[in-house]
Amino acid sequence: MKLAIDFHSHSGYAGGVGQIELTTVSKTMKLKGIDVFGTGDCIFPTRTEELKHELTEVKEGLFALPKDSSKFLLQTEIIFSTKLMHKRNKTIAHHIILFPNFESIYKMQLLMNNWGMKNTIGRPFITSDTQKELEDQLFEINNIHPLIEIIPAHIMTPDGIFGSKNDLDELSEFYGNFLSKIKAIETGLSADPQMLEKIPDLAELTFISNSDCHSAALNRIGREFTILDVDQVDYKSIINAIRKNHVIMTAEFNPAEGKYYLTGHRADRKGHSHEIIFADEIPTGLICPICNKRMNLGVRERCAQLQNNSIIPIPHKFMHLIPLIEVIATSQNLKSIASKRVKKVFDVIMNIFPSEIALWQSDSIQVMLDKRIDQKTINQILAVQKGDFKFQPPGYDGTYGNLIVGDK
Ligand SMILES: [Zn+2]
Ligand SMILES: [Zn+2]
């Protein structure tokens, strides 16, 4: 059975945004076609109590609002920080953790308390002084419940396990003996399966994709997602599907849109009057020729460093996607997705297709939308469905890539 899941999100407690109502999230999930959504920030005590108060368990390990079909699973992101002997700087890596029930969340909170870790923000830190201590922490979390899943998040970004800041060659440098428990990785917005499947340490793992959203907006929830093949709609079947790699497909950002894709410096950096982007030859020592400061290595080059071209990859089925609301806005030459005209077109389409995912998977878009919406918008939707779009310039130094749809 197919299940569309977005496993990674944040609440207002992770900073940056105001409070996000679960009712709003549920509404967007239905429009997008997301069946199960990770709650975000589930171990932050205020959030835990809110979730417990608002949600009811409807299937084992899956929760819902009263009289509502959208399902939630309990999820948080945790930042693990440790000192590896052979590295000068601390190694920092973001992780998604999935929990089967509230009881295991309370045990997790107790563990953090015993370790003296602050649990005062949506996305907390767990620190350690040595790799061994980190490994013990990971095993202790894992021992709370056999269905807890720990998944390295957005692995190629600067804060991801394989990011350029950490500069690790192998996952075992960080996980040690815990590596056998790592069954999946999150590709993140700046990388797609094709870039990752030739990296030796990742070849055997399940690739999942999530929005990592901090908002319930139509271009945030489900901007990346995973379709799993599950035996049943419950938490245990979802975890089994992750562990056994029963992924039907993932929907991904085009990596060139991601904020860390190429190496460069933005125009608004100190000492800069214009931006600089390196598509081919990266300067030695990563020193920016304009401001003489060090640049972060782009995800594309970082992947190339780790890839082994003799690996024959297991093909991962995925598609590059742009949120429909953004495609509509671009096709109407409007910058804002909040425009009434854009929203109106979106509503017309949602009256024809049951959800956005259903639209992307349909082979009769032209017939279904003909004469009911502008042909230019239909053409751009078809172009995106075929993957006929690019980002020029691509993303770099914290800036998203600039979208160009079709062969213009
Ligand atoms: Zn993160
Ligand atoms: Zn610079």
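The values are calculated or read from the model by the stated rules, or taken from the named source; none is laboratory data. This structure is a prediction, so every number in the text was calculated from the model and none was measured. As a convention, Cβ positions derive from the backbone with ideal geometry for all residues, glycine included, and neighbour counts pool all protein chains shown. Note: areas computed on protein heavy atoms with side chains; ligands, DNA, RNA excluded. Shrake-Rupley method; radii C 1.70, N 1.55, O 1.52, S 1.80 Å.
A Gaussian network model of the chain, with springs between Cα atoms under 10 Å, assigns the largest mean-square fluctuation among ILE141, ILE325, ILE312 to ILE312. Using a probe of 1.4 angstrom and keeping all protein chains present, the accessible surface of segment 87-147 works out to 49 square angstrom per residue.
With the helix formula -39500 (n - 2.57) applied to DSSP H stretches of n ≥ 4, the chain reaches a computed 222 nm mean residue ellipticity of -7500 deg cm²/dmol. Taken per residue, the accessible surface of segment 163-278 reaches 36 Å², heavy atoms only and a 1.4 Å probe.
Among DSSP beta bridges lying fully in the chain, give the percent that are antiparallel, nearest 5. Close to 65 percent.
Taking amide H as placed 1.01 Å from N in the peptide plane, the amide H of PHE225 sits under 5 Å from that of ALA251, each at least 5 places away or on another chain. Protein heavy-atom accessible surface, 1.4 Å probe, per residue over segment 279-381: 57 Å².
Net charge in the neighbourhood of MET1 (other residues with Cβ under 9 Å of its Cβ; Lys, Arg +1, Asp, Glu -1) is -1. Highest GNM mean-square fluctuation, the chain, Cα pairs closer than 10 Å: which of SER355, SER81, SER180? It is SER180.
GNM on the chain, C-alpha springs below 10 Å: top fluctuator among HIS95, HIS145, HIS53? Checking each option, the largest mean-square fluctuation is seen for HIS53. Close amide H partners of PHE125, meaning residues 5 or more places away or on another chain with modelled amide H under 5 Å apart, are ILE79. Contact order for the chain, expressed relative to its length and based on alpha carbon pairs under 8 Å spaced 6+ residues apart, stands at 16 percent. Using the Cα gyration tensor of segment 237-340, with a ≥ b ≥ c the square roots of its eigenvalues, what is the shape: rounded (a/c below 1.5), prolate (a/b larger than b/c) or oblate (neither)? The shape class here is oblate.
Rounded to whole Hz and in sequence order, give me ³J(HN,Hα) for segment 187-194 from the Karplus expression 6.51 cos²θ - 1.76 cosθ + 1.60, θ = phi - 60°, writing x for Gly and Pro. Karplus values, whole Hz, x for Gly and Pro: 5, x, 6, 8, 9, 10, x, 4. Phi-derived couplings, Karplus 6.51 cos²θ - 1.76 cosθ + 1.60 at θ = phi - 60°, listed residue by residue for segment 267-284: 5, 8, 6, 4, x, 10, 10, 8, 7, 9, 10, 10, 8, 10, 7, 8, x, 4 Hz, with x used for Gly and Pro. Could you list log10 I(q)/I(0) for the chain at q = 0.06, 0.09, 0.12, 0.14 Å⁻¹, which the Debye formula gives when each Cα is one point scatterer? Relative scattering, expressed as log10 I(q)/I(0), comes to -0.24, -0.55, -1.00, -1.36. Counting only the Cα atoms, segment 1-143 fills a convex hull of 134 Å³ per residue.
Counting only protein heavy atoms and a 1.4 Å probe, tell me what percentage of the chain's accessible area is made up of carbon and sulfur. Don't skip to the answer; put the middle values down first.
Numbers: 9070 of 18090 Å².
In the chain, the share of accessible area belonging to carbon and sulfur is 50 percent.
Counting other Cβ atoms within 10 Å, keep those with at most 16, restrict to DSSP loop, and tell me which GluC sites (Glu not before Pro) in segment 245-286 are left. Could the numbers behind the result be given before it?
Values: sites: GLU252, GLU257, GLU275, GLU281; in loops: GLU275, GLU281.
Sites meeting the loop and neighbour criteria: GLU275, GLU281.
Comparing Cα centroids, segment 151-196 and segment 318-338 end up 30 angstrom apart.
The relative contact order of segment 35-80 comes to 49 percent, based on Cα pairs under 8 Å that sit 6 or more residues apart. May I ask you to work out the translational diffusion coefficient for segment 324-392 at 37 °C, viscosity 0.692 mPa s, via Stokes-Einstein with Rh from the Kirkwood sum over Cα pairs, reported in whole µm²/s? Rounded to a whole number, D works out at 270 µm²/s.
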